[in-house]
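Q: Pasting a structure here, questions to come.
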Amino acid sequence: MIAGLQREIDAALAARARLRRRSVRETAAALAAASTRWRTDPELSSKLPEAAHLGPEMVRAILPIVASQLDAACLCELHAREASGTPPALVAHVLASNVPGLAVPAIALSCLAGAATVVKSGRADRLSAPAFHRALAAVDPDLAATVVTAYWPGGSTEVEDAILGRADVVVASGADASVAILARRLGARVVAQGARTSIAVAPGDAEHAVVAGLASDVALYEQRGCLSPHAVFVVGDAAGFAERLRTALDDVARALPPPLATTAERAVHRLAVEEARFGGATVLESTGGTVIVGAAGTEVGRRTVFVHPLRAPGELATRFAPATVECVGVAGVVVDADVLRRQGVARLCPIGAMQRPRIDWPRGQRPALGSLFRVPSEPRIQVEA
Amino acid sequence: MVSLEVELVAALRACAANESALDFEAWALRIFRHQFERNLPYRAYCERRGVTPATAVAWTDVPAVPTRAFRNADLACGPAEIVFRTSGTTGGPEARGRHLVPHLDLYRACALPAFERFVLPDGARLPCLFLLPPPSLRPDSSLVHMCAWVGEAFGTGVEWFAGPAGLDVERLSRRLGALEGTGDAVLLAGPTAGFVRLFDAGHAYRLGPGSRLMDTGGQKGLTRPVSRAGFLRACWTHLGIPTYYCVNEYGMTELCSQRYDSMLRDRFDGRSLDPRRLVAPPWLRTRVLDPDTLASVPAGEMGLLCHHDLANAGSVSVVLSEDLGRSVGDDGIEIVGRVPGAVPRGCGLLLADLAPS
């Protein structure tokens, strides 16, 4: 396996050398076209639900969202803004298993940087990367030749050292412990994208579209991604907001039914709910999800949201630990982006758009493309209107 | 007036001695009333769930509290005679569960007969070697407390082999070597992880016939994964103790009663072909619950384990554990594992600092 991958990487590096004079505009257009093909790949819609343990309706909803990130104009702007210095020859991506489709922006960013790419898929989504590779080969075989897709079980140190050790940059996403192990072994070349969560803030009397948008943000990806909200801070009538959120979660569940949960997943949820209930929290359970008011929040999954009353939007940054929250969804209140940036937040966006990040989202507060060029950067926050 | 606890101690003793049957349901409802009246956090929880002594008509109606509640509330029906604390929890001392026990007599009255029934069914009286710190070092450990009582009640001598620096493998090895020379039987007891450390030291002994061990804690604290079958093989190769003399104990700080591996008791009762399972004394019942509905699952299906321990009369009798398991036969359970951080997520960071306002 290692020898085969080494040969593929050699070929990808040679293909990259042949594309030296390729314009960014041409690359961006190819990536955008490939993403359009990718989202209709029949293998994805047929096999991804079972592989990723998601409902088929959810997969159908997610694929266009992922594909829409590769907007040609946005890719060109990103390159103009962040590409700087010598591009890396080889970028390796070690993808987390929790969220499907991570391979698409990963490959796109590497191609945009002008690098050859090796993408190691996560255990639960070994389909997206080969599917995007196929799509890219159909629209631009020369660019596709710079991409290698692979899978090996996490922790295969011999493979990791041999393959990842060749890369100039290794972007590793996943559980903190796994990412830390890679960083220890591979050193400063690793861009670690560890565990983070997301929250929302809204007024108690937020209009229906806001509550519905939050329910959608909660349901998409089954709360597995770092952009998934697990808590909402409510200025005003938190109890009323919670009731409306429960109803909205039920509405979303009709369009996006939750997948069957394992006994272990159901047990995690039940224990958290009963702990909250014991502590005096109000628990609103229904088929669409669970809303808990008045309990300290954890990530429980199964579309569970903790609702916390907030006296004023300015208090928000004091309610979570630094460097734990990736994205804050906002509606109907004004928050201080710079204060949130200093607290480690990487993205500020409207509620309802939390699961629709742009390609230039500065994940972990690092520049999306610039981090592949190892450009030093202040911690960033992206504010979306 | 005789307190409920004193009456219960007498009833448990009579039951253990086969002098009278225990009316589990009657005791369960009576204890629920007792706890509802005296344990205010539990009462508030029951009221929120809409269950009171007036509405509970069967033992299965009594509300269970999750074990995590023991971290956040003092769940006791009166002043605690002793406070047992869970160990090994990350997050500092405040994150450790605590079980306030108002009547230590009750704990003793349930722990000793069960230990004797399942670990010493032949009435053996043996020197006790505990792979544990002595009570003076861990006065808040329920396991250490129980072992001390076992030593007093059933041992011909007691030695403790763990200190502030952990298990003293060298001293234990020397002692086992000496015992091997005498051919005398011995009782070893302690955490599974302690035995694995001993095995990893590489020594091998042939302890005298009738030697036995009681291990507890399962995978917790192990530096490498060890299957049950692998553990039992190691008990034979390193200690010369056959499988049927290896008794696994399943206990929780939050419970006064314990379950034990059925193997030795079954052998003693002529039921050696029965499946290996964790069995309990009559005052501890366990239901396997569907996590969504908290209703019992069909026999043999996996679910959350919910223990109803009458000996917990001084705190809360019904505890929803963080263990997954299934029923085995008509009197046993099998532990399948701990409830994991089961949501398949890459961003699994707890929002520990988020607090309700």
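The values are calculated or read from the model by the stated rules, or taken from the named source; none is laboratory data. The structure displayed is predicted, hence computed values, not measured ones. Counting neighbours? That spans all protein chains shown, and the Cβs are built from the backbone with ideal geometry, glycine included.
Q: What are the residues in the stretch A:317-342 that are within 11 Å of chain B (Cβ to nearest Cβ) and either farther than 15 Å from A:Pro379 by Cβ or surrounded by 19 or more Cβ atoms within 10 Å (Cβ to Cβ) (or both), if any?
A: Once the filter is applied, which keeps residues that are within 11 Å of chain B (Cβ to nearest Cβ) and either farther than 15 Å from A:Pro379 by Cβ or surrounded by 19 or more Cβ atoms within 10 Å (Cβ to Cβ) (or both), the stretch A:317-342 yields A:Thr318, A:Arg319, A:Phe320, A:Ala321, A:Thr324, A:Val325, A:Glu326, A:Cys327.
Q: Here are some residues: A:Ala11, A:Ala15. Which one is touching a Ser or Thr at 6+ places or on another chain (Cβ under 6 Å), more than 30 Å from A:Gln365 (Cα to Cα) and in the same structural domain as A:Ala106 (by TED's automatic domain parsing)?
A: Being touching a Ser or Thr at 6+ places or on another chain (Cβ under 6 Å), more than 30 Å from A:Gln365 (Cα to Cα) and in the same structural domain as A:Ala106 (by TED's automatic domain parsing) holds for just one of A:Ala11, A:Ala15, which is A:Ala15.
Q: Still on this model: It is to be established whether one or more residues within the stretch A:295-303 are modelled with pLDDT of 95 or more and more than 19 Å from the chain's Cα centre (by Cα). Explain how you work it out, then say what you get.
A: As a first pass, look at the stretch A:295-303 and keep what is modelled with pLDDT of 95 or more: A:302-303.
Of the ones still in play, those that are also more than 19 Å from the chain's Cα centre (by Cα) are none.
Checked the stretch A:295-303: no residue is modelled with pLDDT of 95 or more and more than 19 Å from the chain's Cα centre (by Cα).
Q: Taking A:Val325, is it of a type outside the set (Lys, Arg) and within 18 Å of A:Val235 (Cα to Cα)?
A: No.
Q: Would you mind stating whether B:Trp236 is in contact with a helix residue (DSSP H, G or I) (Cβ under 9 Å, 6 or more places away or on another chain), surrounded by fewer than 23 Cβ atoms within 10 Å (Cβ to Cβ) and among the aromatic types (Phe, Trp, Tyr)? I'd like the intermediate steps shown before the answer.
A: On the way: in contact with a helix residue (DSSP H, G or I) (Cβ under 9 Å, 6 or more places away or on another chain): yes; surrounded by fewer than 23 Cβ atoms within 10 Å (Cβ to Cβ): yes; among the aromatic types (Phe, Trp, Tyr): yes.
Judged against the criteria, B:Trp236 is a match.
Q: Please specify each residue of the stretch B:152-196 satisfying the condition of being more than 22 Å from B:Gly208 (Cβ to Cβ) and touching a residue at least 60 places away in the same chain (Cβ under 8 Å).
A: Hit for the stretch B:152-196 is B:Pro191, nothing else.
Q: How many residues does the stretch B:214-228 contain that are buried (at least 22 other Cβ atoms within 10 Å of the Cβ) and without any contact (Cβ under 8 Å) to a residue 60 or more places away in the chain?
A: Residues that pass the stated criteria total 1.
Q: Still on this structure, please answer the following. How many residues does the stretch A:203-214 contain that are in contact with an Asp or Glu (Cβ under 7 Å, 6 or more places away or on another chain) and within 17 Å of A:Phe306 (Cβ to Cβ)?
A: Result for the stretch A:203-214: 1.
Q: Considering each residue of the stretch B:307-334, count those that are out of contact with any Cys (no Cβ under 6 Å at 6 or more places or on another chain) and assigned to a loop (DSSP other than H, G, I, E, B), and give that number.
A: 7
Q: Could you please let me know if B:Glu254 is in contact with a Gly (Cβ under 7 Å, 6 or more places away or on another chain), under 16 Å from B:Thr216 (Cα atoms) and surrounded by fewer than 22 Cβ atoms within 10 Å (Cβ to Cβ)?
A: On the way: in contact with a Gly (Cβ under 7 Å, 6 or more places away or on another chain): yes; under 16 Å from B:Thr216 (Cα atoms): yes; surrounded by fewer than 22 Cβ atoms within 10 Å (Cβ to Cβ): no.
Answer is no for this residue.
Q: How many of the residues making up the stretch A:298-325 are touching a Pro at 6+ places or on another chain (Cβ under 8 Å) and assigned to a loop (DSSP other than H, G, I, E, B)?
A: If we filter the stretch A:298-325 for residues that are touching a Pro at 6+ places or on another chain (Cβ under 8 Å), which is where we start, we get A:302-303, A:305, A:308-309.
Pick out the ones that are also assigned to a loop (DSSP other than H, G, I, E, B) and you get A:302-303.
Residues in the stretch A:298-325 being touching a Pro at 6+ places or on another chain (Cβ under 8 Å) and assigned to a loop (DSSP other than H, G, I, E, B): 2 in total.
Q: Out of the stretch B:47-69, which residues are at the interface with another protein chain (Cβ under 10 Å from one of its Cβ atoms) and in a helix (DSSP H, G or I)?
A: B:Arg48, B:Ala69
Q: Please pick out the residue among B:Thr156, B:Thr192, B:Thr216, B:Thr223 that is within 27 Å of B:Gln258 (Cα to Cα), at pLDDT below 95 and more than 18 Å from the chain's Cα centre (by Cα).
A: Unique residue meeting the criteria: B:Thr223.
Q: Being under 20 Å from B:Val247 (Cα atoms) and surrounded by fewer than 16 Cβ atoms within 10 Å (Cβ to Cβ) narrows it down to one residue among B:Thr156, B:Thr182; which is it?
A: Answer to the check: B:Thr156.
Q: If you don't mind, another one. Sort out which residues of the stretch A:161-179 are free of Cβ contacts under 8 Å to residues at least 60 places away in the same chain and over 22 Å from A:Leu227 (Cβ atoms), and write them in order of number.
A: Those that are free of Cβ contacts under 8 Å to residues at least 60 places away in the same chain and over 22 Å from A:Leu227 (Cβ atoms): A:Asp161, A:Gly165.
Q: Sort through A:Ala272, A:Ala219, A:Ala255 and tell me the only one that's out of contact with any Phe, Trp or Tyr (no Cβ under 8 Å at 6 or more places or on another chain) and surrounded by fewer than 24 Cβ atoms within 10 Å (Cβ to Cβ).
A: When all the criteria are applied, what remains is A:Ala255.
Q: For residues in the stretch B:70-86 being of a type in the set (D, E, K, R) and not in a loop (DSSP other than H, G, I, E, B), which is farthest from B:Leu284 (Cα to Cα)?
A: If we take residues in the stretch B:70-86 being of a type in the set (D, E, K, R) and not in a loop (DSSP other than H, G, I, E, B), then B:Arg71 is farthest from B:Leu284 (Cα to Cα).
Q: Sticking with this structure for a sec: Here are some residues: A:Ala61, A:Ala51, A:Ala92, A:Ala83. Which one is hydrophobic (A, V, I, L, M, F, W, C) and farther than 27 Å from A:Ala175 by Cβ?
A: A:Ala83
Q: Looking only at residues in the stretch A:151-173 that are out of contact with any Ser or Thr (no Cβ under 7 Å at 6 or more places or on another chain) and among the small types (Gly, Ala, Ser), which one is nearest to the other protein chains (Cβ to nearest Cβ)? First the steps, then the outcome.
A: In the first step, residues of the stretch A:151-173 are kept if they are out of contact with any Ser or Thr (no Cβ under 7 Å at 6 or more places or on another chain); the result is A:152-153, A:155-173.
Those left that are additionally among the small types (Gly, Ala, Ser): A:155-156, A:162, A:165, A:167, A:172-173.
On the way: A:Gly155: 14, A:Ser156: 18, A:Ala162: 24, A:Gly165: 23, A:Ala167: 20, A:Ala172: 11, A:Ser173: 6 Å.
The residue in question is A:Ser173.
Q: Which condition number does A:Thr262 fail, the rest of (1) at the interface with chain B (Cβ under 10 Å from one of its Cβ atoms); (2) under 26 Å from A:Val59 (Cα atoms); (3) touching a strand residue (DSSP E or B) at 6+ places or on another chain (Cβ under 8 Å) being met?
A: Failed condition: (3).
Q: Now for a separate question. What number of residues in the stretch A:265-297 are within 21 Å of A:Val234 (Cα to Cα), in contact with an Asp or Glu (Cβ under 9 Å, 6 or more places away or on another chain) and either at the interface with chain B (Cβ under 7 Å from one of its Cβ atoms) or aromatic (Phe, Trp, Tyr) (or both)?
A: Residues flagged as within 21 Å of A:Val234 (Cα to Cα), in contact with an Asp or Glu (Cβ under 9 Å, 6 or more places away or on another chain) and either at the interface with chain B (Cβ under 7 Å from one of its Cβ atoms) or aromatic (Phe, Trp, Tyr) (or both) within the stretch A:265-297 amount to 2.
Q: Quick check on the stretch A:222-252: of everything there that is touching a Leu at 6+ places or on another chain (Cβ under 7 Å) and among the β-branched types (Val, Ile, Thr), which residue is surrounded by the fewest Cβ atoms within 10 Å (Cβ to Cβ)?
A: Within the stretch A:222-252, the match that is surrounded by the fewest Cβ atoms within 10 Å (Cβ to Cβ) is A:Val235.
Q: Sticking with this structure for a sec: Among what's in the stretch A:41-79 and is assigned to a loop (DSSP other than H, G, I, E, B) and among the hydrophobic types (A, V, I, L, M, F, W, C), pick the residue that is farthest from A:Ala255 (Cα to Cα).
A: A:Leu70
Q: Which of the residues belonging to the stretch A:83-107 are within 15 Å of A:Arg166 (Cα to Cα), buried (at least 24 other Cβ atoms within 10 Å of the Cβ) and away from every other protein chain (no Cβ under 14 Å)?
A: Correct list: A:Val91, A:Ala92.
Q: Here is a further query. From the list A:Glu326, A:Glu384, A:Glu378, which residue is under 15 Å from the mean Cα position of the chain (by Cα) and acidic (Asp, Glu)?
A: Within the list A:Glu326, A:Glu384, A:Glu378, the selection yields A:Glu326.
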